[in-house]
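Notes follow the structure.
The values are calculated or read from the model by the stated rules, or taken from the named source; none is laboratory data. No experiment lies behind these values; they were computed from the predicted model shown. Note that we place each Cβ from the backbone using ideal geometry, even for glycine, and neighbour counts take in every protein chain shown.
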Amino acid sequence: MTTQDPNRRSAGGFFRTKTIEQSIQDTEEPDHALSRSLSALDLTVFGVGVIIGTGIFVLTGAVAKENAGPATALAFVAAGVVCALAALCYAEFASTVPVAGSAYTFSYASLGELPAWIIGWDLMLEMALGTAVVAVGWSGYVRALMENIGWHMPDALSGPDAADGFGFDLLAFLLVLALTAILVLGMKLSARITALVVATKVTVVLIVIIAGSFFIDGANYDPFIPEAQGTIAGAGLDSPLIQLMFGYEPTTFGVQGIFTAAAVVFFAFIGFDVVATAAEETRNPQRDMPRGILGSLLICTVLYVAVSIVVTGMQKYTELSVDAPLADAFKETGHPFYAGVISFGAAVGLTTVCMILLLGQTRVFFAMSRDGLLPRFFSRTHPHYATPYRSTVLLGVLVAIIAGFTSISELAALVNIGTLFAFVVVAIGVIILRRTRPDLHRSFRTPWVPLVPIASVAASLWLMLNLSGETWLRFGIWMVLGFAIYFLYGRSHSRMSATTDRLEP
């Protein structure tokens, strides 16, 4: 009996896998290698830097008022559990396959080339839109701070939402270009700037938690889980997919309201998976990747729960504002100074969210380019800085233009569905790789396989089903475009194509 070569063409080559040994060998290619300079602390800082953004300052109040009341803290715990299940799978893959590309690279090693392309294409959408959405949000905070001191941006340069005719968000555009330049100059510089900004951001969050705890009124927690008050109705494609498919209608408040809220606050956790894209630039990825991924998620979950408890204790959930709940809660208790501190912390903190999402996108693009699925021209690294400068500049300029010209708040849900789709693929990949490559050394092993990966898939799919039909439609259109590019370019230019052609009898 003969064993089949793992690189042998099958199913038309759509599911040819790239061995982990080959993936690691590719990281040593001259002109296509990244510099290893990151520690576990750097990775944790990256994770905290990208996870803590507008979610902690905005979503807490919105879901408390509309979905879960004081039980919003439990919604954050539920969303954190979903992310923790996925994080355990990411930690095993990132430590076993320390190569740029995150879920794309993991999929290539376990599921095959076409699934890897799909997930890579999905990740680029997720991170590009995520960067642009956050850049627009940052611009809004900065304009508000400028107006507080008497400076006003012209409407034409404040984005399409602020202008009647032509609108260009100059601040969002310039932010993305500046962060692109920092990423080109090197990962260590990026890590130092991120560490400084994250320290400022976490300090602001801690000030909010500590100061707010003095203004808590226990009566505001009664009832902790408000009674269910009917269903969340949507019309047509605005309805959740689960409602369109099965007629199930999620409720507001009550126990079901907690899980409805979890699907909303999940957006606040997006980003820990971006840490995995830096595996190739980590000095000791086998040890440090699990610490960075799981450590950053734990820190942020604790902060989110604490903030939600404070804000619902300061002000009755029915009276919370949706746009700026934390800042307005402090104003209502007679402490407007803290409202200014929160706005400053949000503006400063969003810079790191943008930078790390942009970092993740460029690393996925770089990995796909190095494999030949995208033009190899973009996988060359800078001779001095050892960064993928060509892909970084290309994507930075494109995202800057998107952030400047487009009103994309309605596309934010695509970031959610893209992330959850990646979670599903990574969890399935862990199960497959355990069966196909049991010989691999795994410095970190996901516990209770296959139970934990299966639980991760089920939890992620449940949250995906709670997203609107319109979001699924847009996601499908993006996937169709991705399939077209793969069949027109990627499949024939893949480096694995040349390898498998030589293996044909």
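On the basis of being closer than 18 Å to residue 374 by Cα and either among the β-branched types (Val, Ile, Thr) or touching a Lys or Arg at 6+ places or on another chain (Cβ under 8 Å) (or both), does residue 101 make the cut? Spelling it out, residue 101 is indeed closer than 18 Å to residue 374 by Cα and either among the β-branched types (Val, Ile, Thr) or touching a Lys or Arg at 6+ places or on another chain (Cβ under 8 Å) (or both). For region 326-348, taking the residues that are of a type in the set (Gly, Ala, Ser) and either out of contact with any Lys or Arg (no Cβ under 9 Å at 6 or more places or on another chain) or farther than 24 Å from residue 133 by Cβ (or both), the one that is surrounded by the fewest Cβ atoms within 10 Å (Cβ to Cβ) is identified as 334.
Of the listed requirements (1) at pLDDT below 90; (2) on the phi < 0 side of the Ramachandran plot; (3) small (Gly, Ala, Ser), residue 391 misses just one: (1). Among the listed residues 463, 473, 440, which satisfies the condition of being under 24 Å from residue 75 (Cα atoms) and either surrounded by 14 or more Cβ atoms within 10 Å (Cβ to Cβ) or among the hydrophobic types (A, V, I, L, M, F, W, C) (or both)? None of the others qualify; the one that does is 463. Taking region 242-267 as the range and being surrounded by fewer than 24 Cβ atoms within 10 Å (Cβ to Cβ) and under 16 Å from the mean Cα position of the chain (by Cα) as the test, the residues that pass are 264, 267. Quick one: in region 194-227, of everything that is hydroxyl-bearing (Ser, Thr, Tyr) and over 28 Å from residue 358 (Cα atoms), which residue is surrounded by the most Cβ atoms within 10 Å (Cβ to Cβ)? If we take residues in region 194-227 being hydroxyl-bearing (Ser, Thr, Tyr) and over 28 Å from residue 358 (Cα atoms), then 221 is surrounded by the most Cβ atoms within 10 Å (Cβ to Cβ). Can you tell me which residue among 348, 311 is farther than 21 Å from residue 198 by Cα, touching a Ser or Thr at 6+ places or on another chain (Cβ under 6 Å) and among the hydrophobic types (A, V, I, L, M, F, W, C)? Only one candidate qualifies: 311.
All of 414, 420 fail the test of being crowded, with 23+ Cβ neighbours inside 10 Å, of a type in the set (A, V, I, L, M, F, W, C) and at pLDDT below 85, apart from 414. Just for region 155-169: of the residues that are in a loop (DSSP other than H, G, I, E, B), at pLDDT 65 or above and within 28 Å of the chain's Cα centre (by Cα), which one is surrounded by the fewest Cβ atoms within 10 Å (Cβ to Cβ)? If we take residues in region 155-169 being in a loop (DSSP other than H, G, I, E, B), at pLDDT 65 or above and within 28 Å of the chain's Cα centre (by Cα), then 161 is surrounded by the fewest Cβ atoms within 10 Å (Cβ to Cβ). Of (1) within 21 Å of the chain's Cα centre (by Cα); (2) buried (at least 20 other Cβ atoms within 10 Å of the Cβ); (3) more than 29 Å from residue 169 (Cβ to Cβ); (4) touching a residue at least 60 places away in the same chain (Cβ under 8 Å), residue 403 satisfies all except one. Which? Going through (1) within 21 Å of the chain's Cα centre (by Cα); (2) buried (at least 20 other Cβ atoms within 10 Å of the Cβ); (3) more than 29 Å from residue 169 (Cβ to Cβ); (4) touching a residue at least 60 places away in the same chain (Cβ under 8 Å) one by one, residue 403 breaks only (3).
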